[in-house]
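Every number here is computed from the coordinates shown, using simple stated rules; none is lab data. All of these numbers come straight from a predicted model, not from anything done at the bench. Neighbour counts run over all protein chains shown; Cβ positions are idealised from the backbone, glycine included.
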Amino acid sequence: MSKINLSDVIEITYLSRENARFSSVDGFLTLDVGKTHYPRVYLHRDFPFEMEREYISVLDEEKKEIGLIRSLDEDFDGEAIALF
């Protein structure tokens, strides 16, 4: 029996200042990733919960994961962090 790696089954999109732009419209957090615009996104902290500024899942309106923020402080600037 061959081993199956997690990366063979799922694909994780890591979000950073290089590929994602967050903004606020009418009090709602929005996101642009490439040519795709998400008019409302939600943030959900993933495990481990003790790391409050790391491993944050970004979900669309249907609660489907768009991508994952590894670290707020390393992957985004102060302007984007203020929106969160």
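Summary table
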read-out	value
Lys63 paired with Ser16, simple spin-label distance in nm, labels 7 Å along Cα-to-beta-carbon	3.1
Neighbour-count order for Thr13, Thr36, Thr30, fewest beta carbons within 10 angstrom listed first	Thr36, Thr13, Thr30
Electrostatic dipole magnitude of the chain [Cβ: Lys, Arg +1; Asp, Glu -1; Cα centre; debye, to 20]	220
For q = 0.11, 0.25 Å⁻¹, Debye-computed log10 I/I(0) when each Cα of segment 9-83 counts as one equal scatterer	-0.25, -1.34
Distance from segment 61-84 to segment 5-51 (C-alpha centre basis), Å	6
Ellipticity estimate at 222 nm from DSSP helix runs (n ≥ 4, -39,500 (n - 2.57)) divided over the chain, nearest 500	-3000 deg cm²/dmol
Residue order, fewest to most surrounding Cβ atoms within 10 angstrom, among Phe22, Phe84, Phe47	Phe47, Phe84, Phe22
